[in-house]
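A quick write-up on the structure given underneath.
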Amino acid sequence: MGAAVQSGYLASEPDYVAALSRHFSYVTAEYQMKWDPIQRERGVFDFSGGDAIVAFAEANGMRVKGHALVWHGATPSWVGTLSPRDLRDAVDNHIRTVAGHYRDHVAAWDVVNEAVAADGSGLRDTVFSRGLGPDYIADAFRTAREADPQALLFYNEYDAERKGPKSDRVYELVKDLKLRGVPIDGVGMQMHVEATSYPQPADIAANMHRLVALGLLVNISEMDVRIRTASGTTAQRLELQKRVFHDIVAVCAAEPRCHAVTFWGFTDKHSWIDSFFGADAPLLFDEGYRAKPSFFGVQDAFLGR
């Protein structure tokens with residue numbers, strides 16, 4: 001059971017530390033292992049944030065999932081100025097340096113994040129797809145495996161859990177990687193969902209099953225559940241949120257090759273959702289670190305209730 005974390009809160013909030021260390025066994029750096037914070041200037045690496053998270057995890061008997069080696073959304077501006085040859089060298093160097101730095105300290109990596117277009121029509125138009133072509137994904141996985149042979153390597157994507165063109169495209173992408181012998185171990189389904197329109201458990205299960213049939217692991221990698229647009233009283237909206245958390249996590253709990261559930265944060269006090277969508281109370285603990293109904297929904301799902 002995992003949570004995305006930020007090192008600043010580990011150093012400044014005892015309640016944050018207490019809840020995290022009590023309830024979770026797996027942590028992901030919410031931002032501090034992405035390209036921009038680590039290598040904002042070409043060739044200058046700053047591992048301080050990620051190192052603090054790893055140190056905390058190891059001191060508390062937790063495992064770490066690295067996130068993310070290649071993602072268009074947290075790439076420093078200098079990357080976009082490179083020629084194709086220099087871009088290839090920069091991607092290779094970044095992966096080797098970062099994965100090598102954390103070798104033997106992370107259990108898994110999100111190697112490539114959100115490479116598929118939102119409508120599922122093909123690959124997303126990014127600095128990487130434009131400069132390197134579609135093989136940049138396979139190359140990233142091969143380089144990551146060389147840099148850290150023991151870590152599990154995941155492709156991570158949003159909105160690929162429900163039926164439709166996006167999940168079909170992700171399936172075809174990873175199927176092709178497997179057929180070509182690319183060292184990919186699994187797929188992360190992010191699961192940023194709205195309580196009023198969440199993907200149906202049967203659809204999530206079907207997507208998990210077909211990925212597992214390829215020989216892959218699956219995980220829920222960034223889950224939160226927004227409730228701002230739901231109708232009813234606060235208590236009713238929180239009960240709806242509880243049901244959504246329960247029903248989705250139960251799918252993972254029932255699938256032997258779903259190896260983890262990670263929530264994108266754990267307290268409403270520190271959620272990225274509020275910056276983008278407004279006050280949505282999307283997580284398991286409220287702003288005072290009190291367990292919400294959603295926490296008990298997750299607990300019931302793991303216990304098979």
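The values are calculated or read from the model by the stated rules, or taken from the named source; none is laboratory data. All values derive from a computational prediction rather than experimental measurement. Glycine also receives a Cβ, built like all others from the backbone with ideal geometry; neighbour counts cover every protein chain displayed.
Only helices (runs of 4 or more DSSP H) whose full extent lies in the stretch 230-305 are considered here, and the ones with at least 2 residues that are farther than 17 Å from E194 by Cα are 234-254, 293-302.
When the stretch 136-166 is examined, which residues are found to be more than 16 Å from the chain's Cα centre (by Cα), touching a residue at least 60 places away in the same chain (Cβ under 8 Å) and closer than 20 Å to R210 by Cα? Residues satisfying the conditions do not exist here.
Yes/no per residue for (1) modelled with pLDDT of 95 or more; (2) within 17 Å of the chain's Cα centre (by Cα); (3) on the phi > 0 side of the Ramachandran plot:
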site	(1), (2), (3)
A4	yes, yes, no
A18	yes, no, no
E30	yes, yes, no
M33	yes, yes, no
G43	yes, no, yes
V54	yes, yes, no
E58	yes, no, no
G61	yes, no, yes
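Restricting the stretch 35-68 to residues that are under 18 Å from G188 (Cβ atoms) and in contact with a His (Cβ under 7 Å, 6 or more places away or on another chain), which is surrounded by the fewest Cβ atoms within 10 Å (Cβ to Cβ)? Of everything passing the filter in the stretch 35-68, W35 is surrounded by the fewest Cβ atoms within 10 Å (Cβ to Cβ).
Which one is modelled with the highest pLDDT among residues in the stretch 6-16 that are among the hydroxyl-bearing types (S, T, Y) and surrounded by fewer than 19 Cβ atoms within 10 Å (Cβ to Cβ)? Out of the qualifying residues, it is Y9.
Regarding the stretch 115-122, can at least one residue be identified that is among the charged types (D, E, K, R), touching a residue at least 12 places away in the same chain (Cβ under 8 Å), loosely packed, with under 13 Cβ neighbours inside 10 Å and more than 28 Å from A205 (Cβ to Cβ)? Don't jump to the end; show me each part of the working.
Just the residues of the stretch 115-122 that are among the charged types (D, E, K, R), to begin with: 119.
From what's left, touching a residue at least 12 places away in the same chain (Cβ under 8 Å): 119.
Retained after the next criterion (residues that are loosely packed, with under 13 Cβ neighbours inside 10 Å): 119.
Remaining after also requiring more than 28 Å from A205 (Cβ to Cβ): none.
Taking every residue of the stretch 115-122 in turn, none turns out to be among the charged types (D, E, K, R), touching a residue at least 12 places away in the same chain (Cβ under 8 Å), loosely packed, with under 13 Cβ neighbours inside 10 Å and more than 28 Å from A205 (Cβ to Cβ).
Taking G120 as the residue in question, decide whether it is in a helix (DSSP H, G or I), modelled with pLDDT of 95 or more and not basic (K, R).
No, not satisfied.
In the stretch 127-140, is there at least one residue being polar (S, T, N, Q), at pLDDT 95 or above and closer than 30 Å to Y26 by Cα? The answer is no; no qualifying residue exists.
Condition check ((1) of a type in the set (G, A, S); (2) within 24 Å of G265 (Cβ to Cβ)) across all residues:
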site	(1), (2)
R40	no, yes
F47	no, yes
I53	no, yes
R63	no, yes
G66	yes, yes
W78	no, no
R85	no, no
R88	no, no
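Matching residues to (1) under 17 Å from N219 (Cβ atoms); (2) outside any helix (DSSP H, G or I); (3) at pLDDT 95 or above:
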residue	(1), (2), (3)
Q150	no, yes, yes
F154	yes, yes, yes
K163	no, yes, no
S167	yes, no, yes
V170	yes, no, yes
V174	yes, no, yes
G181	no, yes, yes
V187	yes, yes, yes
V193	yes, yes, yes
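Of all the residues in the stretch 240-251, those that are touching a helix residue (DSSP H, G or I) at 6+ places or on another chain (Cβ under 8 Å) and surrounded by fewer than 24 Cβ atoms within 10 Å (Cβ to Cβ) number 5.
Quick grid of which residues meet (1) closer than 30 Å to P165 by Cα; (2) crowded, with 16+ Cβ neighbours inside 10 Å; (3) in contact with a Leu (Cβ under 8 Å, 6 or more places away or on another chain):
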{"residue": "G73", "(1), (2), (3)": "yes, no, no"}
{"residue": "L82", "(1), (2), (3)": "no, yes, no"}
{"residue": "N93", "(1), (2), (3)": "no, no, no"}
{"residue": "D104", "(1), (2), (3)": "no, no, no"}
{"residue": "A107", "(1), (2), (3)": "no, yes, yes"}
{"residue": "F128", "(1), (2), (3)": "yes, yes, yes"}
{"residue": "D135", "(1), (2), (3)": "yes, no, no"}
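Do you know which residues across the stretch 247-278 are closer than 20 Å to A19 by Cβ and out of contact with any Asp or Glu (no Cβ under 6 Å at 6 or more places or on another chain)?
Passing the criteria: V249, A260, V261, T262, F263, G265, F266, T267, H270, S271, W272, D274.
Yes or no: the stretch 212-229 includes at least one residue that is part of a helix (DSSP H, G or I) and either aromatic (F, W, Y) or closer than 30 Å to D139 by Cβ (or both). Yes, that holds for at least one residue.
Scanning the stretch 173-210 for residues that are among the hydrophobic types (A, V, I, L, M, F, W, C), more than 17 Å from the chain's Cα centre (by Cα) and over 21 Å from V225 (Cβ atoms) gives L173, L177, L179, V182.
Taking every residue in the stretch 24-51 that is within 30 Å of L283 (Cα to Cα) and pairing it with any residue that is polar (S, T, N, Q) and part of a loop (DSSP other than H, G, I, E, B), at least 6 positions away or on another chain, the pairs with Cβ-Cβ distances below 7 Å are E30/Q6; Y31/Q6; Q32/Q6; W35/T75; D36/T75; G49/Q32; G50/Q32.
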